[in-house]
Amino acid sequence: MSNLFQQSLFLQVCLCLTITAHAQINSLLTQEIDEALKSKCLEPSKTAVSIVEIPNGKPLYTHNVNEPLLPASILKIVTTAAALHYLGPEYRFATQFLHTGQKVGKVIRGDLVVWAGGDPKLSSDQLWPIATRMKASGIDEIIGNLVIDTHFFDNYDIAPSWNEEDATQRAYDAKLGAFSINFNTIAIHVLPGPSIGDPLNVWLEPAPRYIRINNAGKTVRGGKSTISVYRGEDQGGDVEMAVRGGLSPGAKERVIYLNVDNPQRYAAETFRAFLEQAGVKIQGTTQIVSTPVGGNELYEYTSPPLSLILKDLNTYSNNFTAEQIIKTIAAERYGTPGTHAEGLRLVTDFLRISKVTLDGVILADGSGLSRKNRFTAKAMTDLLTVMYSRFDVGPDFLASLRVMGAYGVLSHRLKESPAHGQIRAKTGTLSGVSTLAGYVASARGKIFAYALFENQNRCGYNGADRIEDRIVNAIHLYGGGE
């Protein structure tokens with residue numbers, strides 16, 4: 001037998017063994033996912049799985065991939081990608097502080113104007129130093145008004161697809177606004193009094209003058225905390241925070257976060273209070289206007305870069321930030337005022353030019369909170385494939401997704417998984433809906449994109465998570481097995 005023939009035979013045998021081993025491992029992957037999808041708590045026709053190889057997008061496993069389903073918060077992946085495409089990772093939100101009239105000595109004989117640029121991360125921590133800076137720069141008094149210019153956004157303070165009747169006072173339901181602080185939420189701090197029967201100690205952070213506390217809470221003997229807080233509606237007068245229930249002596253401080261009914265007023269009056277505390281007196285009233293106001297610049301505050309804001313967006317799944325970004329995309333690309341309709345149209349255009357399959361896709365908001373949204377598992381892995389290979393914004397996109405099971409914020413899920421630290425993911429949850437999408441590295445070093453949809457499931461939060469985790473682990477263990 002010639003050496004050439006022996007070498008050829010050896011190569012053929014090796015190739016055959018490689019193909020057989022690859023097929024067996026992929027068969028294990030298929031079997032594992034098939035078994036996971038047999039769970040009785042799933043609705044088969046409303047469950048979808050798409051797994052593709054990266055970077056070529058070759059399908060590894062498909063199930064109902066073209067079925068339009070509720071994406072829940074994994075829709076923030078779409079908003080993140082579109083924001084990076086249109087605005088760029090270094091984009092910074094700007095808030096400008098101007099004055100009309102003349103500055104004479106330490107007095108501005110005109111209005112103090114805040115030009116609001118939709119910054120979703122602006123907070124009391126930035127506004128207070130700005131107020132003290134104005135005092136330190138030599139401003140003691142404003143003869144005119146405090147004017148808040150909000151023309152950067154339109155006047156809708158919720159996404160048009162949201163049902164206002166279903167809105168809650170919880171922080172995740174926060175309204176929107178060009179001038180917003182603290183994610184348009186307010187913190188109510190509660191501590192027990194010194195003795196049984198004493199009123200609770202309650203304070204607000206921040207504490208604008210028009211929001212007052214109605215404290216009927218008591219210090220009670222033993223038992224669990226029964227504290228509740230309800231916010232009255234903002235009708236232009238004082239707003240009441242009604243505190244009820246009890247805390248036992250020695251109980252730890254409770255902090256309850258509620259959204260505010262009138263975000264622009266909340267931000268404006270908080271800033272006015274900071275100015276007055278810093279020693280800057282304002283003679284006039286607080287005015288919120290939706291037409292552009294010019295003036296001489298005093299100071300400009302810029303946010304952290306968009307890439308860092310998107311990291312927080314996807315780590316904490318912040319609905320408010322996602323919707324502010326949708327309006328900002330519109331304002332920057334089409335001009336002010338930024339609207340949801342124009343922002344979502346731009347997101348759809350971005351998906352189209354990215355060659356994402358749009359059959360059945362409906363974009364109703366940017367956060368995934370609306371039940372009018374529809375997305376497919378195929379569209380999601382199409383997008384993940386495209387973004388992985390974009391040198392300009394791809395690294396920022398990947399970095400925005402949480403590392404599951406690794407040390408860090410909200411990292412408990414999958415921490416015992418063999419794939420821990422090898423998973424980039426965004427979660428999504430609504431009543432009866434659980435979704436997960438992102439990337440996972442296999443034990444053999446290959447990268448896969450995945451999108452998992454469980455609509456109309458009866459698994460509960462933990463049960464749905466276990467099914468998704470089982471699938472992700474299977475990709476890690478058996479994906480790319482040659």
Exercise for the section: Looking only at the stretch 257-275, count how many residues are out of contact with any Leu (no Cβ under 8 Å at 6 or more places or on another chain), in a helix (DSSP H, G or I) and surrounded by fewer than 24 Cβ atoms within 10 Å (Cβ to Cβ). Expected result: 3
Problem - Leading residue by the ranking (farthest from LEU430 (Cα to Cα)) among those in the stretch 324-345 that are assigned to a loop (DSSP other than H, G, I, E, B) and of a type in the set (Val, Ile, Thr) - result: THR336
Problem - Qualifying residue in the stretch 96-105 (condition: crowded, with 23+ Cβ neighbours inside 10 Å, of a type outside the set (D, E, K, R) and either closer than 20 Å to PHE274 by Cα or at pLDDT 95 or above (or both)) - result: no
Fill in the blank from the handout: Those residues of the stretch 433-448 which are closer than 16 Å to ASN473 by Cβ and not in a strand (DSSP E or B) amount to SER442, ALA443, ARG444, LYS446
Handout entry: In the stretch 168-219, the residues that are out of contact with any strand residue (DSSP E or B) (no Cβ under 8 Å at 6 or more places or on another chain), more than 12 Å from VAL260 (Cβ to Cβ) and among the hydrophobic types (A, V, I, L, M, F, W, C)
Key = ALA207
Problem - Restricting the stretch 383-419 to residues that are more than 23 Å from ASP465 (Cα to Cα) and among the charged types (D, E, K, R), the residue that is surrounded by the fewest Cβ atoms within 10 Å (Cβ to Cβ) - result: ASP392
Practice task
Could you check how many residues of the stretch 199-208 are more than 30 Å from the chain's Cα centre (by Cα) and either surrounded by fewer than 20 Cβ atoms within 10 Å (Cβ to Cβ) or not hydrophobic (A, V, I, L, M, F, W, C) (or both)?
Solution key: 2
Practice task
Give the stretch 346-403 a look and list any residue that's aliphatic (A, V, I, L, M) and either outside the structural domain of LEU69 (by TED's automatic domain parsing) or in a loop (DSSP other than H, G, I, E, B) (or both), or say none.
Solution key: VAL356, LEU358, VAL361, LEU363, ALA364, LEU369, VAL393, LEU401
Practice task
Pick out the one residue from LYS175, LYS218, LYS224 that is among the basic types (Lys, Arg) and touching a Gly at 6+ places or on another chain (Cβ under 8 Å).
Solution key: LYS218
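The values are calculated or read from the model by the stated rules, or taken from the named source; none is laboratory data. Just so it is clear, the structure is predicted and the values come from calculations on it, not from any experiment. FYI the Cβ positions are ideal-geometry reconstructions off the backbone, even for glycines, and counts take in every protein chain you see.
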